[in-house]
Amino acid sequence: MPYAPEHDEIPNPLRPGLRAESAPEPCAMVIFGGSGDLAHRKLVPALYNLALGAHLPAAFAVIGVSKTPYAHDEYAREMREAVGKYSRTRPVDPEVWQDFASGIRYVAGSFDDADTFARLRSQLEEVDRSRATRRNRLYYFATPPSVFPVLLRQLKDAGLVRPPGESGFTRVVIEKPFGRDLASARALNRLVLSTCDERQVFRIDHYLGKETVQNILVLRFGNSIFEPIWNRRYVDHVEITAGEELGIEGRGRYYEEAGVLRDMIQNHVQQLVCFCAMEPPVAFDADAVRDEKIKVLRAIEVFDTPEQVARNVVLGQYMAGSVAGADVPGYQQEKDVAQRSRTPTFVAARLNIRSWRWDGVPFYVRSGKRLPKRATEIAIHFRRIPHQLFDEGATQPNVLIIRVQPQEGIALRFSAKVPGERYRPRIVSMDFRYGTTFGAGTPEAYERLLLDALRGDQTLFTRADEVEAAWKIVGSILKVTESAEFPPPHPYTAGTWGPVAADELLARDGRAWRRL
Ligand code: BG6
């Protein structure tokens, strides 16, 4: 049985058996980049699943905007196919789809052309009349970042952005990457905030939409037993791995510009660090939670000399190898990748959080493409017991493992007595699994985030100062590693856990990565 929330339930006229937690206001959502990959794979399937779960407002419309020409019904048909292919629930429910598809529209045109925005405006007015969307707009920038400035300017010039407080809300959802270093992120923030108010801006990081990531907050602040030991007195070190089997999946052009530091660390991994390391917020609201995350980012030691970077950061790049039994090419043989590319596809780093709670507790993070398996997990390693009482083999330090994906769950490893007449300790595990407890119906990250944006809840979106604080850390590392004098990334064979230097990073501290 899928898990069904039981609070604040609102009946859904379409599916009387299903109830939503709290319905968002009527709204027209505009997807810039409507013919693109993200719309096909993630956004429209997520919207369909929200419709299926009765979470969308009764008055809702989706308008795709892109260059590719489509008639409204052609676009709807293509989206139907995409949902059939990528939705987490299948087959597509014809009744729900029909109702959802009746609100699908399409505007073809170039983003440079003011006329596209004039036509978008008429289309929005049409759905306000026919779908009662009440001048509420959610603009989703599912485009390459180079397009963000022109979208902002055109929306402003076409009078499609209304300040908060006027009737009909305007919200803008901006995909990553938000800038490529601190200076460009600042410039983009200035531009965004010259068009919108911060309360209207939703900078997305899809990791925050993951149930297991949100659950870190419930684990820490919804229980009384963890918080007292969640600090330097009891925690020895923290280990965060975000590993992928996948390579760059035909995204060579993007990845060459990004590399693992921009692609995974500046956003997803730093968010995991923040959730693990933050202080309890004074309230569970957007600003209180984000204030605490920013404090963590500000406390992370900035590495800005080659010596500091060399001591704390290891970069790698995959060579040909074999992953899950299949031979795969090296990074430099991938399409659109330079033959002597220095772009890192793997990073391991030791982050130091200079705060009262964490000083002296290293946070080891690593992320990479073409590793042996897909595994994102956080391991909180507790200190050793001060004195071994049992002769028959030493006890092992406790570890709390938060499995973000896959096999979502939490495990606590502790010592137990092996049955028998002697006191022989062995490490055992208490294991909570999402699948077993809550069923298989967990929503996808984009569903949660789209719903929050529709509701106007910014808690799981990054604020201007947060994104800049995150860039400060990664940007300073990039400045060093992207200089010509810095050595190129260490090669590693695809299908291994990165270069040996990543193991040495921990070995120097007398530690080792967990075997996953
Ligand atoms: C994206 C990155 O943001 O996150 C990809 O651009 C990466 O390179 C992906 O594969 C990982 O997301 P997930 O949800 O599969 O862990």
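The values are calculated or read from the model by the stated rules, or taken from the named source; none is laboratory data. Everything numeric here is computed off the predicted structure, so don't read it as measured data. Glycine also receives a Cβ, built like all others from the backbone with ideal geometry; neighbour counts cover every protein chain displayed. Protein only, heavy atoms only, side chains kept; ligands, DNA and RNA dropped before computing areas. Shrake-Rupley method; radii C 1.70, N 1.55, O 1.52, S 1.80 Å.
Could you tell me which residue out of Ala76, Thr395, Phe148 lies farthest along the dipole of the chain toward its positive end? Charges go on the beta carbon: Lys and Arg +1, Asp and Glu -1, centred on the Cα centre.
Positive-end residue among those listed: Thr395.
Quick check: at a probe of 1.4 Å, how many percent of the accessible area of the stretch 292-436 sits on carbon and sulfur atoms?
52 percent
How big is the dipole moment of the stretch 242-388 about its Cα centre under a simple scheme where the beta carbon of each Lys and Arg is +1, that of each Asp and Glu is -1, and everything else is neutral? Debye, nearest 20, please.
So the dipole magnitude of the stretch 242-388 works out to roughly 380 debye.
Which order, highest average first, do 454-465, 53-64 follow once you tally other Cβ atoms within 10 Å for each residue and take the mean per peptide?
53-64, 454-465
Students often check this: by mean Cβ neighbours within 10 Å, which of 507-513, 261-267 ranks highest, and how do the rest follow?
Highest mean packing first, the order is 261-267, 507-513.
In the neighborhood of Leu160, defined by Cβ-to-Cβ distances under 9 Å, what is the net charge if each Lys or Arg adds +1 and each Asp or Glu adds -1?
+3
So what is the relative contact order of the chain, in percent, for Cα pairs below 8 Å that sit 6 or more residues apart?
17 percent
Quick one: compute the contact order of the stretch 375-516, relative version, from alpha carbon pairs under 8 angstrom and 6+ residues apart, as a percent.
Value for the stretch 375-516: 13 percent.
Quick one: what are the phi-derived ³J(HN,Hα) couplings along the stretch 471-477, Karplus 6.51/-1.76/1.60 with θ = phi - 60°, whole Hz, x for glycine and proline?
5, 4, 6, 6, x, 6, 5
Assign unit charges at the C-beta atoms only (+1 for Lys and Arg, -1 for Asp and Glu), then state the dipole size of the stretch 142-268 relative to its Cα centre in Debye, rounded to the nearest 20.
That gives the stretch 142-268 a dipole magnitude of about 520 debye.
I need the peptides 92-101, 42-51 ranked by packing, meaning the mean over residues of other C-beta atoms within 10 angstrom, with the highest value on top.
Top of the packing list down: 42-51, 92-101.
Taking Lys293 as the anchor, which lysines have their alpha carbon closer than 25 Å to its alpha carbon, excluding any fewer than eight residues away along the same chain?
Lys176, Lys210, Lys472, Lys479
Placing +1 on the Cβ of each Lys and Arg and -1 on the Cβ of each Asp and Glu in the stretch 405-475, which of Tyr423, Trp471, Thr459 has its Cα farthest towards the positive end of the resulting dipole?
Tyr423
With the other protein chains left in place, how much accessible area per residue, in square angstrom, belongs to the chain at a 1.4 angstrom probe?
Per-residue value: 46 Å².
So which GluC sites (Glu not before Pro) in the stretch 330-409 pass both tests, a DSSP loop state and at most 14 other Cβ atoms within 10 Å of the Cβ?
Glu392
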